[in-house]
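The values are calculated or read from the model by the stated rules, or taken from the named source; none is laboratory data. All values derive from a computational prediction rather than experimental measurement. Heads up, the Cβs are rebuilt from the backbone with ideal geometry, glycines too, and the neighbour counts pull from every protein chain shown. Remember, those area values only see protein heavy atoms, side chains included, never the ligands or the DNA or RNA. Shrake-Rupley method; radii C 1.70, N 1.55, O 1.52, S 1.80 Å.
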Amino acid sequence: MQKVPHHGLFGSTASNDALVFLKAVTKVTDGNASGPTPAGSAEGSTSAATRPHAPSPADLAAATRSRVAAVSAPEVRVTGAQSLVMSLEAVGVDTVFGIPGGAILPAYDPLLDSTKVRHILVRHEQGAGHAAEGYASSSGRVGVCMATSGPGATNLVTPLADAFLDSVPIVAITGQVTSKSIGTDAFQEADIRGITMPITKHNYLITDPAAIPRAIAEAFHIAGTGRPGPVLVDISKDALQAETTFVWPPKLDLPGYRPVARPHGKQIREAARLILESRRPVLYVGGGVIRSRASDALRVLVELTQIPVVTTLMARGAVPDSHPLNLGMPGMHGTVAAVTALQKSDLLITLGARFDDRVTGQLSTFAPDARVIHADIDPAEISKNRVADVPIVGDCQDVIRDLITVLRGEKEAGHLGDYEPWRRQVDQWKTTFPLGYTPHDGALSPQYVIERLGAISGPETVFVAGVGQHQMWAAQFVEYERPNSWITSGGLGTMGFAVPAAMGAKVAQPERTVWAIDGDGCFQMTNQELATCVINKIPIKVAIINNSSLGMVRQWQTLFYNERYSNTDLHTSHQEVRVPDFVKLAEAYGCVGMRCDTAADVDATIKAAMEINDQPVVLDFVVHRDAMVWPMVPSGVSNDQIQTARGLTPAWDRED
């Protein structure tokens, strides 16, 4: 996985008037300041323009950042909580998703005064974490979530683990009990630093208010550089309440953190040599290309080399689906062309991918004849699952650009790879085994719904999916033409991801249409965030693929457990049982709710939803409950055993 540019640590330079401002504001001593009297009170007649007022965090941060020649910046005495908010402003944060509580409450008071940071009150801390992920994945900026100690912090564990596996840059800020209470099993105490150590890039426990600016600056730097990922900053309540001196920028102290971005030239040249020598190469592209913003460079490489490309679940959109060399998604539910091309290749040019088990199938049988070029910014990923013949540590964008430079030079010298027979072969697989589905008589096909959703909404839309059958259909039947148009939970497979992540994506890119494609099981885990969307005017659109089941589990029960459907019926649509009724639920939250259960009404329903842009819309698509995701490679077997339907395996000469 690769890096994503992080927030600037120094903010913008304020005007010289900021120095004068500090003399005019009321001095803050213990976190309380004399400020403007509320309108209508006994002192309310004083002019707002002339009466003294407490500085907001934005004012203090601007004043502190001012640098005037020959004049030292003043020391600003603030509380730790004010220092936290000022630090967030200084690193460029514009949105925080969170819920207040006892230990974090001191931070929420100065947050109210911030003119730069918008706080969005979610309905569950897990929603805050996933919203931060959606914000980060959509925009490329670091997402931020906030929670209190104990259960508030532990509710962030799932989003942190999700962000860790999918390399999403987020910073989680949690309150902690007072420093003297740590380790005493105090009320709402949990060792969130210890709990999250295996699922964060780094984390902090701050008990000294003076350390808050440095911790925040370092957290954003770590989250957004190298292989992106989550960072936790846990701050004790007394550190938030104590007085401190705010100075910005702080000095970063990260002696062990030196991510390598520039690849070694020798490795690039060796990779180019293997590319030119190979006859059946495949560009195996992972989510690191998206994170490093390398999609444009990748397209240049594809055009230059004319090598077929596969894009993993996390890399959909890195190369347009319309490109003739794009074979689609590999893996358990990938296209036959993508899976077979990897199996038959003699060279894997692996960019920002990690040889995940969902891609490789039985690892010992994966791409048996292929040599491997593996480029990744995280050296721990290289040769972890598959030994690399040419390991390249570096940022994907830099690796791809350097490869382009070397290969262009070789092309100008008359050295070209001979891939034409290989391209004809993979094109034949692509033509012979396209993605498809068999409509069910009298029932709505979920694949058709998602296909039409993608076609009507268009390539500029952001699609966010939960986890399960609907996720795979969304990856298969929506055509992705640009990076960051597809957001999902890949590594952890978190049900309940879609609604809050779509909320975060919409906040980050309000000008885009954002669809959450969700299952009836996933939707019931986090649909309370619709209230957040309504109140905060975040008009996401939700398409529920409602098969009244935990669909993927039911599919496995059909295929591998003799159709014994143990605890997978959700009673949300079939046999006229609707518990709950999603349309009524949507309306109760203040959303627009619609239901569609026939193919003839699909387009009209989607178009009606597209016309509503001032409130959230929830569409309940009642689909056939026994529709299955195909192709499929059963878990733990060779990719050679890919099935296009139940009991049907493509026929080809295995010795070819």
Inset, instruction - Please enumerate the residues belonging to region 413-431 that are over 34 Å from the mean Cα position of the chain (by Cα) and either in contact (Cβ under 8 Å) with a residue 40 or more places away in the chain or over 18 Å from Pro631 (Cα atoms) (or both). - result: Ala413, Gly414, His415, Leu416, Gly417, Asp418, Tyr419, Glu420, Pro421, Trp422, Arg424, Gln425
Inset, instruction - Go through region 452-503 residue by residue and tally those that are hydrophobic (A, V, I, L, M, F, W, C) and open to solvent by 10 Å² or more (accessible area, probe 1.4 Å). - result: 8
Inset, instruction - State all residues of region 223-253 that are open to solvent by 10 Å² or more (accessible area, probe 1.4 Å), of a type in the set (A, V, I, L, M, F, W, C) and either part of a helix (DSSP H, G or I) or modelled with pLDDT of 95 or more (or both); if no residue qualifies, say none. - result: Ala242
Inset, instruction - Taking Ala297 as the residue in question, decide whether it is out of contact with any Asp or Glu (no Cβ under 8 Å at 6 or more places or on another chain), open to solvent by less than 20 Å² (accessible area, probe 1.4 Å) and over 17 Å from Ile382 (Cβ atoms). - result: yes
Legend entry - Yes/no for His440 being closer than 23 Å to Cys522 by Cβ and more than 33 Å from the chain's Cα centre (by Cα): yes
Inset, instruction - Restricting attention to region 167-199, report how many residues are in a helix (DSSP H, G or I) and open to solvent by 10 Å² or more (accessible area, probe 1.4 Å). - result: 9
Inset, instruction - Could you please find all residues in region 385-408 being within 19 Å of Ala294 (Cα to Cα) and open to solvent by less than 30 Å² (accessible area, probe 1.4 Å)? - result: Ile392, Gly394, Asp395, Cys396, Asp398, Val399, Ile400, Leu403, Ile404, Leu407
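Given the residues Ala49, Ala107, which is the only one that is among the hydrophobic types (A, V, I, L, M, F, W, C), more than 24 Å from the chain's Cα centre (by Cα) and at pLDDT below 95?
Result of the check over Ala49, Ala107: Ala49.
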Inset, instruction - Identify the residue in region 575-614 that is among the polar types (S, T, N, Q) and out of contact with any strand residue (DSSP E or B) (no Cβ under 6 Å at 6 or more places or on another chain) and, among all such residues, is modelled with the lowest pLDDT. - result: Gln575
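I'd like to check something: does region 344-353 contain any residue that is over 27 Å from the mean Cα position of the chain (by Cα) and crowded, with 22+ Cβ neighbours inside 10 Å?
yes
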Inset, instruction - Inspect all residues belonging to region 393-412 and state whether any of them is in contact with an Asp or Glu (Cβ under 8 Å, 6 or more places away or on another chain), in a loop (DSSP other than H, G, I, E, B) and among the β-branched types (Val, Ile, Thr). - result: no
Inset, instruction - Evaluate the following for Ala508: is it open to solvent by 10 Å² or more (accessible area, probe 1.4 Å), of a type in the set (A, V, I, L, M), within 29 Å of Val319 (Cβ to Cβ) and under 19 Å from the mean Cα position of the chain (by Cα)? - result: yes
Inset, instruction - Restrict the check to region 202-211 and report whether at least one residue is among the charged types (D, E, K, R), open to solvent by 20 Å² or more (accessible area, probe 1.4 Å), without any contact (Cβ under 8 Å) to a residue 60 or more places away in the chain and under 19 Å from Ala132 (Cβ atoms). - result: no
Inset, instruction - Please go through region 586-598 and pick out each residue that is surrounded by 15 or more Cβ atoms within 10 Å (Cβ to Cβ), in a helix (DSSP H, G or I) and hydrophobic (A, V, I, L, M, F, W, C). - result: Ala586
Legend entry - In region 606-656, the residues that are in a loop (DSSP other than H, G, I, E, B), of a type in the set (A, V, I, L, M) and open to solvent by 30 Å² or more (accessible area, probe 1.4 Å): Ile612, Met628, Val637, Ala651
Inset, instruction - Search region 438-450 for residues being in contact with an Asp or Glu (Cβ under 9 Å, 6 or more places away or on another chain) and not small (Gly, Ala, Ser), and hand back the single one that is least open to solvent (accessible area, probe 1.4 Å). - result: Leu444
Legend entry - Residue in region 546-562 that is touching a Leu at 6+ places or on another chain (Cβ under 7 Å) and buried (at least 24 other Cβ atoms within 10 Å of the Cβ) present: yes
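Condition test on Ile382, is it without any contact (Cβ under 8 Å) to a residue 24 or more places away in the chain and either crowded, with 17+ Cβ neighbours inside 10 Å or in contact with a Cys (Cβ under 8 Å, 6 or more places away or on another chain) (or both)?
So Ile382 fits the description; yes.
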Legend entry - Lone unmet requirement of (1) assigned to a loop (DSSP other than H, G, I, E, B); (2) touching a residue at least 12 places away in the same chain (Cβ under 8 Å) for Val583: (1)
Inset, instruction - Confirm whether Gly417 is in contact with a helix residue (DSSP H, G or I) (Cβ under 8 Å, 6 or more places away or on another chain), assigned to a loop (DSSP other than H, G, I, E, B) and of a type in the set (Gly, Ala, Ser). - result: yes
Inset, instruction - Would you be able to tell me the number of residues in region 471-501 that are under 18 Å from the mean Cα position of the chain (by Cα) and in a helix (DSSP H, G or I)? - result: 8
Inset, instruction - Test Thr532 against the criterion of being open to solvent by less than 40 Å² (accessible area, probe 1.4 Å), assigned to a helix (DSSP H, G or I), in contact with a Leu (Cβ under 8 Å, 6 or more places away or on another chain) and closer than 23 Å to Met495 by Cβ, and give yes or no. - result: yes
Inset, instruction - Would you mention how many residues in region 214-239 are in contact (Cβ under 8 Å) with a residue 40 or more places away in the chain, under 27 Å from Arg262 (Cβ atoms) and not basic (Lys, Arg)? - result: 12
